[in-house]
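See below for the structure under consideration.
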Amino acid sequence: MTDTADPVSGIGRSGDQYHSQVLGTSPRRKEDQRLVTGHGRFVADLELPRMRQVAFLRSPLAHARITAVHTEAAREAGFRVFTGADFAAVALRAKSALPSYVETAQPLLAHTRVRFAGEAVAAVVAADRYLAEDGCELVEVDYEPLPVTVCAWSESAQSPAAPLHEDAPDNVLLARTFDAGSVTEALAGADVVVRRELVTNRHGGNPMECRAGVALWEPADRKLTFWSSTQVPHLVRNMVAELLGLAEGNVRVIAPDVGGGFGVKAVLYPEDVALCLIARAMPNVPVKWVEDRVEHLAAATHARDHRYLISAGFAADGTLLAVEADVTCNVGAYSVYPWTAGIEPLMAGGLLCGPYKLDNYRCTVRGVATNTAPSGPYRGVARPSTVFAMETILDEGARALGISAVDVRRRNLIQPADIPYKMPSRLVDDSGHYDECLTKALEALGYDEWRAEQHRRRVSGTGHPVGIGMACYNELTGLGRAASAGPRMPFRTGHDACTVRVNPDGRVTVFSGVTSQGQGQETVIAQIVADGLGVRYDDVEVRTGDTETSLWGFGAFSSRQAVIGGGAAHRTAVAVKEKLVLLAAGLLEASTGDLEVSGGQVRVAGDPGSSISVAELARVAYLESNRLPEGIEPGLEATRFYDPIRGAFAAGAQAAAVEVDRATGEIRVLGWACVEDSGRAMHPQIVHGQIAGSIAQGIGGAVYEHLVYDEVGNLITGTLLDYLMPTSAEVPELIIDHVEHPAANPLGVRGVGEGGTLGPNAVLAGAVSDALGIRIDTLPLSPGTVWKELQ
């Protein structure tokens, strides 16, 4: 079988078709190239001399053997073509110490078999992307179709006619059971036992900027430079060096301005490594690839495709006695590098019980491979689904007991007096302020007023029915090295480093291991250093994202950067300040205890006339070492690491009132409130923006976004015409408030990057259920889904 252009995804189009059908432009027009390369100083916008562009030919089939790849026509036309055979010796292998984990290989370019529609099978290099797309049209691939598995919990998924990987004949790449207490006995003794089967919808991050990279190999120095839109530049350097057999010092990864990440860009993809190998095959020629939106929807990581079989037992007063769950996660065709296929299943099992006290807990999780795009980290990692499952089963228990949704939560929430609270999965919750968040959220929403309006409409029979939904959640932020629910990768992600250097002119340069994809990290790190050192904010410059100049850092994921990266910056600034004060004490002939540093000046307390500027101290430290007091070395800089044992939980609660049109199933949000414990907020405006943005993303996943495959593995929502994303018109006005209980870390901060995504699934499902008296078992809550449930 010879490949043809897939009518849904557009994979296999000619270059001209690519422009007219995907980009909506005409080919060959130079001004249109901005649509391909992006805007601003993003990786996608990077241009270097003699740059060549890469396009990937992708499989239109979800599962097939490759019997032949015909590249002759493309090569005769002058294109440089690479196939899976060229890179067969290199494969991505995500490793885990979990005993049940099945390690599988992901080829850079498929060469014996394709396992999902959209998998790259060849790469074509040309002078521009348009020509490279034309070159892809000249490459023909012969396929022998194989049986396809799409649904991870179908009867055939774990007894497949054609397993995806020989080492996993049942398609199960890992399984684990979390077990605490005596679940069977507790359920047997419960006054009420409720059960639900719940399914959450597959969707993805869709950052504003898709994936992009430029690679340059300089053979004289055996040096590879890779500009990448990654969230984890140091991890990418480590992995690329290992896979290419290079010294890490010879690999430089640069992540300049990156237009969004959301976890999707925390993965090392086959295309990234292929681009580096193409560069090595074309010395001194920079090669560039920019993913378009069709490619992103088809081949970047997906998430949230889960099924929960969950039972819970309650005492008559609403106390939660036991939870038993069976969780199946669709992990797609491959185990992503480095997070493994375990990232979603293990987070689901480790955090399913959320912020609720529970002694008896048993949860079996499994990751099942299917002929769909690989699953990977996405803002909130599994917890939007687990919060939906847990909050739904609480609502079910409350209905069975005849108590309110608010009361059943308050009865079971972890309280400040319980802290530190050891969860059934052995994670330790250090927050406990969930009831406070819930109370403030309900007050901000106007809970009593909406209940009155709900009653009025029901009695009068006028207006659309109103419902109220709520959710409490615990966001695990700044994952420490003692985390017990992760994929057990061959490295621990607990620490970051920072260097703070006061230059001879008194200005400060910070080399931080954090990375930024639009979160304002440079602003926050500069604030932390200016505050810790006692200098003006405007005198601090922060450099990140370059492995050759920045200090080691694991990058952006798990809401860790303010907690861990900020902690490292604070510790380093304090260390430099200590030397600054020692130097000033010697020059001013004062006691260190009498000195205070602020605004770039060191002053003797109570003596306004006795002071010295940081700039003068820096000049002495570098240029006038003859004036240095005895025992003080030249220079004015320090490097410190911050390596917490545990992270910091952030408490949160959301509540919303909605009305539902029974005739169409359409949902209209009438009010939305969110309250989170962010600890000490470094920059309140950024904190507010993070929460608002994550709630918007959560609403998108709950109502609009759905990556749908047909029975033969074609992605039928493969463009933004079919894959719906919320705009400002769909996001309601948000009431966002805070409680502030500092965490036990150098700055007292708790991460806020993901918490907002955790609530919307549960809030909206609960609100629709409350309004209509129906059970919501499947997401998304599209009008069609709601209307169908009403019938």
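Checking each residue in the stretch 497-542 for being among the basic types (Lys, Arg) and either modelled with pLDDT under 95 or part of a loop (DSSP other than H, G, I, E, B) (or both) picks out Arg507, Arg536. Among the conditions (1) open to solvent by 20 Å² or more (accessible area, probe 1.4 Å); (2) over 29 Å from the mean Cα position of the chain (by Cα), the only one that Asp435 does not satisfy is (2). Do we have Thr757 as part of a loop (DSSP other than H, G, I, E, B) and out of contact with any strand residue (DSSP E or B) (no Cβ under 6 Å at 6 or more places or on another chain) here? Considered against the rule, which asks whether it is part of a loop (DSSP other than H, G, I, E, B) and out of contact with any strand residue (DSSP E or B) (no Cβ under 6 Å at 6 or more places or on another chain), Thr757 comes out as no. For the stretch 224-264, taking the residues that are among the small types (Gly, Ala, Ser) and over 19 Å from the mean Cα position of the chain (by Cα), the one that is least open to solvent (accessible area, probe 1.4 Å) is identified as Ala241. Only residues that are closer than 19 Å to Val508 by Cα and surrounded by 23 or more Cβ atoms within 10 Å (Cβ to Cβ) were counted across the stretch 541-562, and they come to 5. Considering only the stretch 96-110, I want to know if a residue exists there that is of a type in the set (Val, Ile, Thr) and either open to solvent by 60 Å² or more (accessible area, probe 1.4 Å) or more than 25 Å from the chain's Cα centre (by Cα) (or both). Within the stretch 96-110, none of the residues are of a type in the set (Val, Ile, Thr) and either open to solvent by 60 Å² or more (accessible area, probe 1.4 Å) or more than 25 Å from the chain's Cα centre (by Cα) (or both).
I'm checking my understanding of the structure. Among residues of the stretch 668-686 that are crowded, with 24+ Cβ neighbours inside 10 Å and of a type outside the set (Asp, Glu), which one is farthest from the chain's Cα centre (by Cα)?
Trp672
Here is a yes/no grid of residues against (1) open to solvent by 60 Å² or more (accessible area, probe 1.4 Å); (2) in contact with a Phe, Trp or Tyr (Cβ under 7 Å, 6 or more places away or on another chain); (3) assigned to a helix (DSSP H, G or I):
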| residue | (1), (2), (3) |
| --- | --- |
| Ala585 | no, no, yes |
| Val597 | no, no, no |
| Arg603 | yes, no, no |
| Ser610 | no, no, no |
| Glu616 | yes, no, yes |
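The residue pairs whose first member lies in the stretch 663-677 and is more than 30 Å from Arg750 (Cα to Cα), whose second member is open to solvent by 40 Å² or more (accessible area, probe 1.4 Å), and whose beta carbons are closer than 6 Å, counting only pairs six or more residues apart or on different chains, are Thr664/Pro783; Gly665/Pro783; Gly665/Trp787; Glu666/Pro783. For the stretch 464-484, indicate whether the set of residues that are out of contact with any helix residue (DSSP H, G or I) (no Cβ under 6 Å at 6 or more places or on another chain) and on the phi > 0 side of the Ramachandran plot is non-empty. No, the stretch 464-484 has no match at all.
Every residue, every condition in (1) open to solvent by less than 10 Å² (accessible area, probe 1.4 Å); (2) closer than 30 Å to His63 by Cα, yes or no:
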site	(1), (2)
Leu346	yes, yes
Gly350	yes, no
Asp359	no, no
Thr364	no, yes
Thr370	yes, yes
Ala382	yes, yes
Val387	no, no
Thr392	no, no
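Restricted to the stretch 204-219, and to residues there that are open to solvent by 10 Å² or more (accessible area, probe 1.4 Å) and in a strand (DSSP E or B), the residue that is farthest from Gln53 (Cα to Cα) is Glu218. Taking the stretch 733-747 as the range and being surrounded by fewer than 17 Cβ atoms within 10 Å (Cβ to Cβ) and part of a loop (DSSP other than H, G, I, E, B) as the test, the residues that pass are Glu733, Glu740, Pro742, Ala744.
Scanning the stretch 687-729 for residues that are open to solvent by 30 Å² or more (accessible area, probe 1.4 Å) and farther than 30 Å from Ala299 by Cβ yields a total of 1.
The values are calculated or read from the model by the stated rules, or taken from the named source; none is laboratory data. Everything quoted here is computed from the prediction, not taken from an experiment. Positions of Cβ are backbone-derived with ideal geometry, glycine not excepted, and every protein chain shown enters the neighbour counts. Quick note on the areas: whole protein, heavy atoms, side chains included, nothing else; ligands and nucleic acids left out. Shrake-Rupley method; radii C 1.70, N 1.55, O 1.52, S 1.80 Å.
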